[in-house]
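Only one structure is covered here, and it is reproduced in the block below.
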Amino acid sequence: MNLSRRDFLWMAGAATVVSTTGCDLAPKMIPELKLAKLAPPSFWPVADPFPGPYVAPAGTEKDAVSHALSRMAYGPAPGDYARVSALGVEAYLEEQLSPDAIDDKPCDQRIRLCETIFVPGRELYEYQETLLLEELTRATLLRAVYSKRQLYEVMVGFWTDHFNIDSSKGDCQWLKTMDDREVIRKHALGKFPELLRAVVLSPAMLWYLDGRVNRRATEDEQPNENYARELLELHSLGVHAGYSQQDVMEVARCLTGWTVQEPGWLKRRGRVKFNPDLHDDGAKEVLGVTVPSGLGEGDVERVIEIVMKNPETGHFIATKLCRRFVSDTPGIEIVDTVASAFRKSEGDIPTMLRALFAHPEFLQSRDAKFKRPFRFAVSALRATGASGKMKSPVSEYLVRMGHAPFQYPTPEGYADEAAPWLGTLFWRWHMADALANGTLDGVEVDWDRLRENFGDALASHLLARAPSDLERNAYNESGPAALIASPAFQRY
Amino acid sequence: MAQGTGFVDGIGDNQNTVVVIFLRGGADGLTLVPPVGDDAYYRARPYISIKKKDAIALDGTFGLNPEMAALKPLYDDHALAIVHGVGSEDSSRSHFEAQDLMEQGGATAGGWIGRYLRASSLGNDGPLTAVAIGKSLPVSLRGAPSSVAMESFETLSLGAEEAPFLSALQKMYAHEKSGIGKAGLDSLAAMDRIKTMRETDYQPGGGAEYGDDSLSRGLRQVAQLIKAKVGLKAATIDLDGWDSHIVTGAVMNPLMQRLSTAMSAFYLDLDRYMETTTLLVMTEFGRRVYENASFGTDHGRGSIMMALGGGVAGGRVLSDWAGLEEDNLEGPGDLPVTINYRDVLAPILQNHASHVDPGAVFPGYEISPVAIFG
């Protein structure tokens with residue numbers, strides 16, 4: 001039996017602990033091991049992520065199945081159209097809303113190589129921060145391309161934007177890995193208030209928006225408002241939702257005292273701790289609701305209750321969901337429907353999604369969205385059934401197109417609308433060309449398998465509908481690259 | 001303007017170019033250009049203020065942060081004007097809102113540069129009329145008749161075999177009715193232009209020494225585009241990271257060095273082209289006058305703008321300075337916005353294109369131009 005590198009590190013760390021006295025000394029003994037990347041076993045039996053039968057849609061416009069696969073998933077992969085046609089869109093949605101019940105072996109096997117995404121929080125600081133970002137990015141790409149839990153991955157992407165953290169800031173370099181696993185992924189299809197609570201107390205978020213230095217030990221100290229403002233403006237109510245500068249300052253007071261431990265004797269770096277001495281324990285008034293004095297760390301709970309009770313929160317989250325899943329300018333009716341689902345279910349995310357997908361505007365919105373670069377890259381890899389470990393060449397394209405995961409600097413997250421992304425077409429064409437012509441390092445497309453199975457319908461599979469004459473000619477002259485680079489493939 | 005040796009014909013010969021550096025994150029004007037003659041500044045910031053003896057004196061009230069010493073010769077040349085206490089009417093103190101408003105230029109669709117380019121267009125816009133150095137188009141350029149985002153032009157090619165592929169794309173994007181079609185055609189045209197540029201070996205003029213960072217690299221390429229007369233009317237580039245909630249100096253010092261080095265090199269490199277090029281530096285808001293307990297400052301209101309070249313009457317700090325005494329501050333203790341950023345931009349745009357109505361660029365705003373030209 002092979003020991004994983006993690007086990008190996010753990011044993012090395014344990015041995016060091018025995019020979020010294022403090023576990024904080026252990027990481028200093030390990031740096032050389034951090035560089036020693038154990039090679040994966042030479043035989044790696046990976047399951048086929050895209051089994052047949054392969055069927056392509058025949059209509060000249062996207063049908064309901066192709067539309068569902070465009071929005072609930074990162075686009076159709078070979079085999080998806082046949083499977084979802086047989087299953088029905090509603091049953092597919094229900095399947096997707098219970099991700100834990102979906103066997104995800106092909107993906108699980110592939111992400112195994114990204115070992116650091118499984119490392120417990122207390123061990124993250126033992127790794128080089130560049131390795132953590134690289135593996136987290138790779139795992140994100142691998143999951144988006146290969147996971148059968150597609151809607152779950154799409155929602156992980158949605159919340160990653162909504163609760164954006166730039167992993168280059170301070171200790172976020174280490175802590176974002178934990179935030180991804182224990183905040184975003186844990187609650188991506190759960191309950192919004194639980195997700196928000198996890199975000200507020202996430203060590204990565206406390207670092208990113210300076211919550212960890214928000215303190216008021218004496219009357220003279222001014223709280224650091226950074227997180228309080230974004231909590232209201234970006235994470236819950238939304239901008240112009242009727243809160244005032246005073247509300248921001250009061251929320252900041254409520255959140256004083258939450259710290260992230262620095263390295264030190266018997267202190268576990270990165271652990272979140274409430275320090276009552278740094279907390280302003282006086283009474284506050286947030287959005288017209290009194291938070292009584294003396295609640296200490298309980299103030300957080302009160303703040304979450306207050307924003308959850310405010311109807312603006314449901315409206316804001318519904319607007320953002322509709323902008324992601326319907327169009328850049330969703331109608332009032334569908335937003336109200338989703339907002340109402342939010343309120344009635346107290347922020348149950350699957351309930352909101354069911355309401356959204358059942359609304360007629362969803363089906364009417366076919367092809368209304370312009371793919372952001374991440375979706376473009378992932379949908380191209382899925383459509384071609386590409387195999388690869390998603391090492392740097394793919395993520396470099398995302399950097400070039402300004403859409404590298406976990407690297408957006410400011411807290412509002414990557415824009416959802418088409419406009420800011422229209423300047424990225426060149427790099428899409430570049431990647432389409434490389435993917436189709438086998439020059440994308442480390443990524444392989446089995447064109448023979450695709451041609452054998454789809455036959456003449458391969459162009460229809462790539463576009464998720466039958467090609468126009470113009471597209472057919474482009475395909476005949478320049479091959480599949482022209483379709484992946486076409487205007488139609490940029491929409492979803 | 002003399003005919004240059006540019007290899008691109010026609011549209012570039014009478015160009016005026018506005019280049020905008022946006023300092024994202026809310027750059028602290030009181031650290032960039034500290035009011036060293038104002039005692040209240042030192043009382044509000046016992047730890048993070050710039051000492052009078054360290055600052056480079058500009059006038060009786062203001063000094064230049066010593067990290068930006070490279071800008072002093074430009075100021076002494078009367079090429080660089082600084083405006084203090086400038087900002088927008090947005091009091092949300094939200095990065096996102098304030099940047100949006102400042103880049104849109106009002107509660108209206110599109111961006112102010114986009115509208116300026118549309119209003120000044122003589123129908124001869126080329127693919128490189130507006131260039132965003134970076135990975136995506138900023139809000140300010142939205143609505144431009146033509147624009148392209150590029151990180152650099154060294155790599156904008158699909159290789160030797162690109163011709164049939166590009167011809168297929170040309171046909172499909174020309175047929176596409178949505179904005180995607182236009183964006184595709186713009187990209188194809190820009191690729192063609194850049195192909196020519198790429199094959200030229202560029203040497204900066206005037207002994208300019210650009211830094212080795214993205215701002216310097218970007219401005220170097222903007223200078224190359226200007227000198228090549230490709231018809232560049234507007235270029236944008238961002239310098240991120242000014243959100244100094246903690247330890248102001250640690251956050252701002254390296255950024256100030258990069259900013260001043262790049263501006264100085266651009267000025268030397270462009271030489272006579274600076275007469276028709278205006279380089280603008282702006283930020284969404286300034287920061288709280290009082291330092292916080294983590295030796296940083298929180299979101300505030302007024303900050304600075306800088307205008308370099310384009311005939312501005314430089315060597316001056318323009319302000320309506322009332323001092324930083326508590327009574328003069330706004331809201332939770334912020335430097336008030338005494339000069340609206342549009343009042344700085346409007347006269348500069350009008351100097352670049354006299355036929356443009358500033359009211360069309362900044363709809364719904366009554367302009368009272370700042371005397372930036374003296």
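Identify, by number, the condition in (1) in contact with a Gly (Cβ under 9 Å, 6 or more places away or on another chain); (2) without any contact (Cβ under 8 Å) to a residue 60 or more places away in the chain; (3) surrounded by fewer than 22 Cβ atoms within 10 Å (Cβ to Cβ); (4) among the small types (Gly, Ala, Ser) that A:GLY455 doesn't meet.
All conditions pass for A:GLY455, except number (1).
Could you grab me the full set of residues in region A:96-134 that are free of Cβ contacts under 8 Å to residues at least 40 places away in the same chain, of a type outside the set (Val, Ile, Thr) and crowded, with 17+ Cβ neighbours inside 10 Å?
Answer for region A:96-134, where residues must be free of Cβ contacts under 8 Å to residues at least 40 places away in the same chain, of a type outside the set (Val, Ile, Thr) and crowded, with 17+ Cβ neighbours inside 10 Å: just A:CYS114.
So for region B:179-193 (the condition being at the interface with chain A (Cβ under 7 Å from one of its Cβ atoms), modelled with pLDDT of 90 or more and more than 21 Å from A:PRO373 (Cα to Cα)), does at least one residue qualify? Before you say what the answer is, go through the steps one by one.
So in region B:179-193, the residues at the interface with chain A (Cβ under 7 Å from one of its Cβ atoms) come out as B:179-181, B:183-184, B:187, B:191.
Next cut, modelled with pLDDT of 90 or more only: B:180-181, B:184.
If we keep only those that are more than 21 Å from A:PRO373 (Cα to Cα) as well, we get none.
No, that holds for no residue.
Report the residue count in region A:400-422 for those that are within 9 Å of another protein chain (Cβ to nearest Cβ) and farther than 17 Å from A:LEU141 by Cα.
Number satisfying all stated conditions: 10.
So A:LEU425 fits all but one of (1) crowded, with 20+ Cβ neighbours inside 10 Å; (2) more than 30 Å from B:GLY143 (Cβ to Cβ); (3) within 14 Å of chain B (Cβ to nearest Cβ); (4) among the hydrophobic types (A, V, I, L, M, F, W, C); what number is the exception?
That leaves (2) as the condition not met.
Which residue out of A:PRO350, A:PRO393 is in a helix (DSSP H, G or I) and under 30 Å from A:LEU458 (Cβ atoms)? Working first, answer last.
Values: A:PRO350 fails: under 30 Å from A:LEU458 (Cβ atoms).
That would be A:PRO393, the only listed residue that is in a helix (DSSP H, G or I) and under 30 Å from A:LEU458 (Cβ atoms).
Any residue in region A:228-247 that is within 12 Å of another protein chain (Cβ to nearest Cβ), surrounded by 24 or more Cβ atoms within 10 Å (Cβ to Cβ), in contact with a strand residue (DSSP E or B) (Cβ under 8 Å, 6 or more places away or on another chain) and of a type in the set (D, E, K, R)?
Checked region A:228-247: at least one residue is within 12 Å of another protein chain (Cβ to nearest Cβ), surrounded by 24 or more Cβ atoms within 10 Å (Cβ to Cβ), in contact with a strand residue (DSSP E or B) (Cβ under 8 Å, 6 or more places away or on another chain) and of a type in the set (D, E, K, R).
For A:ARG465, state whether it is surrounded by 19 or more Cβ atoms within 10 Å (Cβ to Cβ), charged (D, E, K, R), in contact (Cβ under 8 Å) with a residue 60 or more places away in the chain and assigned to a loop (DSSP other than H, G, I, E, B).
Working: surrounded by 19 or more Cβ atoms within 10 Å (Cβ to Cβ): yes; charged (D, E, K, R): yes; in contact (Cβ under 8 Å) with a residue 60 or more places away in the chain: yes; assigned to a loop (DSSP other than H, G, I, E, B): yes.
Answer is yes for this residue.
Which one of the conditions (1) closer than 25 Å to A:GLN96 by Cβ; (2) basic (Lys, Arg); (3) touching a Leu at 6+ places or on another chain (Cβ under 7 Å) does A:ARG215 fail to meet, given that it meets all the rest?
(1)
What are the residues in region B:216-251 that are within 30 Å of A:LEU206 (Cβ to Cβ) and away from chain A (no Cβ under 14 Å), if any? Before the answer, list the steps.
Initially, region B:216-251 is screened for residues within 30 Å of A:LEU206 (Cβ to Cβ), giving B:238-251.
Scanning region B:216-251 gives a single hit, B:GLY249.
Can A:GLY170 be described as under 23 Å from the mean Cα position of the chain (by Cα), in a loop (DSSP other than H, G, I, E, B), at pLDDT 95 or above and within 14 Å of another protein chain (Cβ to nearest Cβ)? Working first, answer last.
Numbers: under 23 Å from the mean Cα position of the chain (by Cα): yes; in a loop (DSSP other than H, G, I, E, B): yes; at pLDDT 95 or above: no; within 14 Å of another protein chain (Cβ to nearest Cβ): yes.
Considered against the rule, which asks whether it is under 23 Å from the mean Cα position of the chain (by Cα), in a loop (DSSP other than H, G, I, E, B), at pLDDT 95 or above and within 14 Å of another protein chain (Cβ to nearest Cβ), A:GLY170 comes out as no.
Being at the interface with another protein chain (Cβ under 7 Å from one of its Cβ atoms) and in a loop (DSSP other than H, G, I, E, B) is the filter here; which residues of region B:156-166 pass it?
B:LEU156, B:LEU158
Here are some residues: A:LYS186, A:LYS191. Which one is within 22 Å of A:PRO120 (Cα to Cα) and either away from chain B (no Cβ under 13 Å) or in contact with an Asp or Glu (Cβ under 6 Å, 6 or more places away or on another chain) (or both)? Please lay out each step first, then the result.
Details: A:LYS191 fails: within 22 Å of A:PRO120 (Cα to Cα).
Answer to the selection: A:LYS186.
Which of the residues that make up region B:167-177 are within 8 Å of chain A (Cβ to nearest Cβ) and either loosely packed, with under 14 Cβ neighbours inside 10 Å or in contact with a Leu (Cβ under 7 Å, 6 or more places away or on another chain) (or both)?
Selection gives B:LEU169, B:LYS171, B:MET172, B:TYR173, B:HIS175.
Looking at (1) facing another protein chain (nearest Cβ under 9 Å); (2) among the polar types (S, T, N, Q); (3) over 30 Å from A:ASN164 (Cβ atoms), find the lone condition where B:SER147 falls short.
Here B:SER147 clears every test but (3).
The values are calculated or read from the model by the stated rules, or taken from the named source; none is laboratory data. None of the values given here were measured: they were computed from a predicted structure. All Cβ positions, even for glycine, are placed from backbone atoms using ideal geometry, and neighbour counts span all protein chains on display.
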